[in-house]
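Note sheet for the following structure.
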Amino acid sequence: MAAIGWLRIHLFSSALNSILTILIVAVLAWVLPGIFSWLIWDAVWGPQQPAACEAARGEGACWSVVWAKIRFMMFGTYPFGEQWRSGATIFVLTGLIVVSAIRWFWNRWLIAIWMVGIALSFWLMGGGLGLTPVKAEQWGGLPVTLILAIFGIGFAFPLGILLALGRRSQLPVIQAFSVIYIEAIRGVPLITVLFMASVMFALFMPEGMRIEQLLRAQIAIVLFIAAYMAEAVRGGLQAVPRGQYEAAEALGLSYWRAMGLIILPQALKISIPPIVNIFISVFKDTSLVVIIGIYDFAYAVKKSVETDIAWRNYIVEAFLFSILIYWIYCFAMSKYSQWLEGQLARGERR
Amino acid sequence: MLNNERTRGIVWQILLIAAVGSVGWYLFTNTLHNLSTRQIQVGFAFLGREAGFEIAENRIEFDPSMSYARAFAVGILNTLHVAAIGIVIATVLGTLVGISRLSSNWLLARLASAYVEVMRNIPLLLQLFVWYGLFTMLPGVRQSISAGEWLFLNQRGLRVAWPAPHEAWTAMLWAALAAVALMLLWRRYARKRQAATGQPLPVFWPSIALLAGLPALTWALLGAPTSIEYPKLAGFNFQGGINVTPEFMTLLIGLSTYTSAFIAEVVRAGILAVDRGQGEAAMSLGLSPGHRLRLVTLPQALRVIIPPMTSQYLNLTKNSSLAVAVGYPDLVSIANTTMNQTGQALEAIAILMGVYLTISLTISFFMNWYNQRVRLVER
């Protein structure tokens, strides 16, 4: 009986709602079976030959392409025998995200944890100290995506704080510089900044100085996110009540001590949800490095299938697989961000 | 001296100027040196030279013998074209999804939130790749999926029957614009009169009549053309009607569905932001449901909705730069080709950034103006 009551309230509360419900059920009944049979029931699963997929073509998806290409998709052109290091980097960096999400770690130690995490993944990927060195040109796949996003947000964080403070500064030159930087960066698409890094960097540097393509993209991403980060932090700074600034001044604290001890701890807490959202969009946007030819996860997936005639026809399946991986990361983080917003708002409620 | 706040402020600023200046000077001299060793001429003179490449889609006439400047113009128009249509579709779709998420119908609300959670958590680039992959899986020209004689969908894109060119169609467009202007004037007059005399004038129906009537009248006066061009299979491809390329469709679908997920959230937040008491107060004043929505709820919801909505529009426009990944000739891909052909990277990127900055700053300027207008006036 309870079920019927629930149906009446949620699906058939009015004539319009009843029509809507019936219409939606009809459309779903029409569309879903086809989609599911293509995705799951009629699909080719497991490590099979391209011929098996050819037979099922048009009827079902070919997930065997993922089995066949998984190593290249995940690790790109990283030396085959050393790929456990790439795998370990994925764990270290994902772990870094998880640790940063736990409120218990939100203190000075988090900075230390990040430094260790970044150094560790750098060592694992690059080698040295007992590991065979691997050049950055050979890095690829999911670790590169994670590195671009995590290093990006990590280095943009201090830069963003400085820019936000600069934008709210009383000193006209510093304020003007910050405003111009923030607005100019926010006004252009990431691709143009990546192009600049990829094409123009060579012009800016002294002759003969070569910088890895990956590092150039990383610098571009850091400089790009810093502007967005600055706006998130500025929002936090604006939300700190004036009395706090005045109280800090009355205590005779210098500008930097007032900011570091009184204002920023409060402002950053308010800025955390927008910063998480920036991280999600950075994580998605790192895929744009495809356009300047860096082997991130999206490009590794694309190349792994495109270059193999036997599997070439199943590129949509390969993309769907990579979409699933991206989606898991982004969905988890966006759910976390929503939950966190509620948690942080709870402290403000009386 | 050093303890004086003003002196220290000045010292900090001088330091910043010195730092930025010296870094800038360093990069500048490096660039000059590199340019001279590579024998690249700096300047925008190359814009006048013959471009020498084809552009697959153009809103204005273009052929390879025309200049680079013309090619850039084509690119800018292509960017604006896809962005403008994308914004319209994304707004309609996003508003529908946003309202659906608040629906009392459980199934509809769940469906809408699933849509939002799926769409906004996948990189746009990958969505474009998948859409493009799906388009390449479509049948060839001879096996087109068709709807009567009107519509043909195949690997080469979408062919749709379209009215044969006639001067009446352009005239109708102008008539529609004139109708909008007249409508606004009439609305202003009606308001003024109501404020002065208290007598309301009808606004809604006259507006509809203007919007529909004026273009229809123009059409009838200019000979009422009815001939329609149907796509016909000729040789290896269709002739007649209009063709929408797979690249354009990929970009349009990708951009508008991706952005619609964000717009849905904006709309939902805006509707939730209006206090329930406002609607109830309007009801107790005896306003009709239409008036309640138009005079009380919407103005308050729009104040919350419009700023984030504009930034979504800006995002869509900036994201249209992903066109380069699917081969739609937007501004970025024209700039890219130019860069490869001429080596004028500095200038091409300057043009790119200049154009995007102009678009962004113009929109934020209007945004600020609007915000000033609708700001809550408090004591």
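Side notes on the structure shown:
- Each Lys and Arg Cβ is given +1 and each Asp and Glu Cβ -1; about its Cα centre, the stretch B:23-167 then shows a dipole of about 420 debye.
- Diffusion constant of the protein assembly as shown at 25 °C, which comes from Stokes-Einstein with the Kirkwood Cα-pair radius and 0.890 mPa s, µm²/s: 83
- Dipole of chain A, positive direction: furthest Cα of A:Gly81, A:Asn17, A:Trp311, with charges on the beta-carbon: A:Asn17
- Put a dot 7 Å past the Cα of A:Leu253, heading toward its Cβ, do the same for B:Ala171, and the two dots end up 7.4 nm apart.
- Within the protein assembly as shown, percent of DSSP bridges classed antiparallel, to nearest 5: 90
- Taking the C-alpha atoms of the stretch A:62-157, convex hull volume expressed per residue in Å³: 115
- The stretch A:93-110 versus the stretch A:233-286: alpha-carbon centroid distance in Å: 19
- Neighbouring partner chain Cβ atoms per residue of B:113-122, average, 10 Å criterion: 4
- Over all pairs of different C-alpha atoms, the stretch B:165-224 has a mean inverse distance whose reciprocal, the Kirkwood radius, equals 12.5 Å.
- For the stretch B:14-97, the Rg and Dmax computed from alpha carbons only, in angstrom: 21.0, 58
- Estimated 222 nm signal from helices in the protein assembly as shown, with DSSP H stretches of n ≥ 4 weighted -39500 (n - 2.57), rounded to 500: -23000 deg cm²/dmol
- For the stretch B:231-379, the equivalent ellipsoid derived from the Cα gyration tensor has semi-axes of 43, 24, 11 Å, listed largest first.
- At most 15 other Cβ within 10 Å, DSSP loop - GluC sites (Glu not before Pro), the stretch A:1-102: A:Glu59
- Using the average count of surrounding beta-carbon atoms within 10 Å as a protection proxy, the listed peptides A:176-186, A:240-250, B:26-36 rank, highest first, as A:176-186, B:26-36, A:240-250.
- Take each residue of peptide A:181-189, count the partner chain Cβ atoms within 10 Å of its Cβ, and average: the result is 6.
- When both the stretch B:223-268 and the stretch A:1-54 are represented by their alpha-carbon centers, they are found 28 Å apart.
- Global geometry of the stretch A:1-144, whether rounded, prolate or oblate, following the gyration tensor of its Cα atoms and the 1.5 cut on a/c: oblate
- Compactness of chain B was expressed as the Cα radius of gyration divided by 2.2 N^0.38 Å, which yields 1.28.
- Only Lys, Arg, Asp and Glu carry charge here, each on its Cβ (+1 for the first two, -1 for the last two); on that basis chain B has a dipole of about 1340 debye about its Cα centre.
- Charge dipole of chain A (Cα centre as origin; +1 on each Lys and Arg Cβ, -1 on each Asp and Glu Cβ, all else neutral): 880 debye, rounded to the nearest 20.
- Listed residues B:Ser103, A:Ala136, B:Ser364: farthest to the positive end of the dipole of the protein assembly as shown (Cβ charges): B:Ser103
- Shielding of peptide B:215-226 by partners, expressed as the average count of other chain Cβ atoms within 10 Å per residue Cβ, is 0.
- Each principal axis of the Cα cloud of chain A was evaluated for its coordinate range; sorted largest first, these ranges are 77, 70, 37 Å.
- Among the listed pairs A:Lys284/B:Lys318; A:Lys135/A:Lys284; A:Lys269/A:Lys335; A:Lys284/A:Lys335, those whose Cα-Cα separation exceeds 23 Å are A:Lys135/A:Lys284.
- Shown for chain A: cysteine residues without a partner Cβ closer than 4.7 Å, namely A:Cys330.
- Computed Rg/Rh of the stretch A:150-274, alpha carbon atoms with Kirkwood Rh: 1.07
- Given charges at Cβ of Lys, Arg, Asp, Glu: chain B dipole, positive-most of B:Tyr26, B:Tyr313, B:Ser288: B:Ser288
- Sparsely packed loop sites in the stretch A:1-76 (the trypsin sites (Lys or Arg not before Pro) outside DSSP H, G, I, E and B with at most 16 other Cβ atoms within 10 Å) comprise A:Arg57.
- Mean-position separation - Cα centroids, the stretch B:8-81 and the stretch A:113-161, in angstrom: 32
FYI, it's all coordinate maths here, none of it is from the lab. Note that this is a predicted model, so its numbers are computed, not measured. As a convention, Cβ positions derive from the backbone with ideal geometry for all residues, glycine included, and neighbour counts pool all protein chains shown.
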